[in-house]
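For reference, the structure is listed below as C-alpha cells.
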Amino acid sequence: MDLKGKKIILGVTGSIAAYKSAHLTRLLVKAGAEVQIIMSASALDFITPLTLATLSKRPVLVPFQKDETGEWNNHVELGLWADLFLVAPISANTLSKFANGLCDNLLTATYLSARCPVMIAPAMDLDMYQHPAVKQNLSKVASFGNVVLDAESGELASGLSGQGRMMEPETILASVEKFFKKTQDFQDKKVLITMGPTQEALDPVRFISNHSSGKMGLAIANSFLNRGADVYVVSGPIALKVNKNHFHWQDVKSAKEMYEASHKLHGMMDICVFAAAVADYAPAEIASEKIKKSDSELSFRMVKNVDIALELGKLKQPGQLHVGFALETENESENAKGKLDKKNFDLIVLNSMKESGAGFQLDTNRVHIFQRSGKSVSSDVESKDTIAELILDQIKLAPIWV
Ligand code: PMT
C-alpha cells in the first residue's frame, strides 16, 4: 500500500535513535506521504534540521515562534492537519510529558491539540525502558488510545544489550501502512457508543449504580477512531483518563440523560454500539435534601428506566447497524439471543459474569458474538483492546456491509 495523500507529523525527540529518523522520513516520503517534522530542542543535539528538512522537503519546526517574524507555529492547525502523529524516537522525557499532559514545547503542544491518531516508537537504554515509571507512562499513553510500537531488543548505544532500541524504520513504515489500511475500513462512518455505568440519584449525595468502569466501551471507541470513524461517545461517570478531544464526547449521569443524548444523535449515525451498563430501575423520587438516618429500615420505590437500546432499535433505519451487549449470569446464550431479537440488534456481544477474565472493571474480557444471521464467534480471554478489534471485525461481516 502506498501512503499517497496521507499527512504525517513526524516528531523527533532527544535520543541517539534520532539518526534513524532521517531514514524513516525518506521511507515515508517515498511511500507518498506528506511529512511535517517537529523536533524537540534536545533532538537538535542528535541530528540537524537541515538533514530532515531536505529529506521531508519541508521546513522543520522546532520552537513555537518563527524566526524574527513574530509569527508562531500554530500547534492547533498542525494537529488538525495531520492524519497521523508519529513520534519516532520518543524519549523517556517526552513520553512522560505525553503521559502527564505537560506542554512546554511545540511538539508536546501539538500532541495535546492533535485530533488524529498518535503512534509512538520509544527508544531508550535498557534500564530506563524497564523502569516502572516508564512502563507506567507507556501503558498510560496506550490507555489514551495511542499506538505504542514496542522497542526492539539488541545492542544498545550504551554497550548494554536488551530491549530499548527504536523499532527499525522499515518496521515502523510497515506499521504505519498497516495502520492506514485498517483505519480506512470505517472511514466516513459515524459511530455512537454508549458506555460506562449510569448513576440514579436517591438524594443530593447518594445514587444507585453498578461496577462498569467504561474500559470496554472506551476500547471500542478507540478502535473505531483508529480505523477512521467519526466517533460520538455518550458516557456515564467513569474514572478513566481519556483524551476527549479525539471524540465528540458527552458526559451524562442517569439513564434518562444517556437516552436523551443518544436519541438526539441517533438519526445521523451509521453504527450504534450499546456498551453501557444502564440501570434498569431508578428511584421514583429524588429527595431534595440528604435523607436522614432514622428508622432501622429504609425502602425506596423504584420505577423502570427507559431502555435506550430498545427505544432506538425501534427507530433504526435501513443502513443503520446496532450492536448490543449482554451481561448475563445464567442461560447466557439463550438470553443474549433473546435480546438480539427484542432490541433489534444486528449483532450482540455476550460477556458472562460466570467466566473468569470477563466483565466489569477488568482489563480483559471473553466474549461470544452472535450475528442476526445465526453465525457466532467466541474469543479467548483477551485484552479489551483486542476484543474491541474483534467486535469491529465482526461488524464488517454483518450482511449490511456486504
Ligand atoms: O465497563 P467495563 O468495566 O469495561 O465492563 C464492560 C461491561 C461488562 C459493562 C460491558 O461489556 C457490557 O456488558 N455492557 C452491557 C451491560 C448491560 O447492561 O447488559 P444488559 O444485558 O443488561 O443490557 C442489554 C443491552 O441493552 C446492552 O447493550 C445495554 O447497553 C442495553 N440497555 C440496557 C438497559 C437499558 N435501560 N438501556 C440499554 O440501552
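Quick notes on this structure:
- Count of residues meeting criterion [open to solvent by less than 20 Å² (accessible area, probe 1.4 Å) and not in a strand (DSSP E or B)] in the range 226-240: 3
- Number of positions in the range 211-225 that are open to solvent by 50 Å² or more (accessible area, probe 1.4 Å) and either outside any helix (DSSP H, G or I) or small (Gly, Ala, Ser) (or both): 1
- Count of the range 135-165 residues, restricted to those that are β-branched (Val, Ile, Thr) and open to solvent by less than 20 Å² (accessible area, probe 1.4 Å), is 1.
- Put simply, of Leu327, Leu321 the only residue that is in contact (Cβ under 8 Å) with a residue 60 or more places away in the chain and either closer than 29 Å to Ala261 by Cα or open to solvent by 20 Å² or more (accessible area, probe 1.4 Å) (or both) is Leu321.
- The residue of the range 241-284 that is farthest from Lys396 (Cα to Cα), among those that are modelled with pLDDT under 95 and open to solvent by 70 Å² or more (accessible area, probe 1.4 Å), is Lys241.
- Looking across Gln371, Gln394, one residue alone is more than 11 Å from the ligand (Cβ to nearest atom), closer than 23 Å to Gly196 by Cβ and either at pLDDT 95 or above or in the same structural domain as His211 (by TED's automatic domain parsing) (or both). It is Gln394.
- Condition met for Ala309 (near the ligand (Cβ under 10 Å from one of its atoms), within 25 Å of Ile238 (Cβ to Cβ), in the same structural domain as Asp380 (by TED's automatic domain parsing) and touching a residue at least 24 places away in the same chain (Cβ under 8 Å)): yes
- Candidates Val35, Val76, Val29, filtered to the one that is assigned by TED's automatic domain parsing to the domain that holds Phe179, β-branched (Val, Ile, Thr), assigned to a helix (DSSP H, G or I) and buried (at least 17 other Cβ atoms within 10 Å of the Cβ): Val29
- Only one entry of Asp127, Asp104 meets the criterion of being in a helix (DSSP H, G or I) and either open to solvent by less than 60 Å² (accessible area, probe 1.4 Å) or of a type in the set (D, E, K, R) (or both), and that entry is Asp127.
The values are calculated or read from the model by the stated rules, or taken from the named source; none is laboratory data. Everything numeric in this text was worked out from a predicted model, so none of it was measured. Ideal geometry is used to build each Cβ from the backbone, glycine not excepted, and the neighbour counts take in all protein chains shown. We work out accessible area using only protein heavy atoms, side chains counted, and drop any ligands, DNA or RNA first. Shrake-Rupley method; radii C 1.70, N 1.55, O 1.52, S 1.80 Å.
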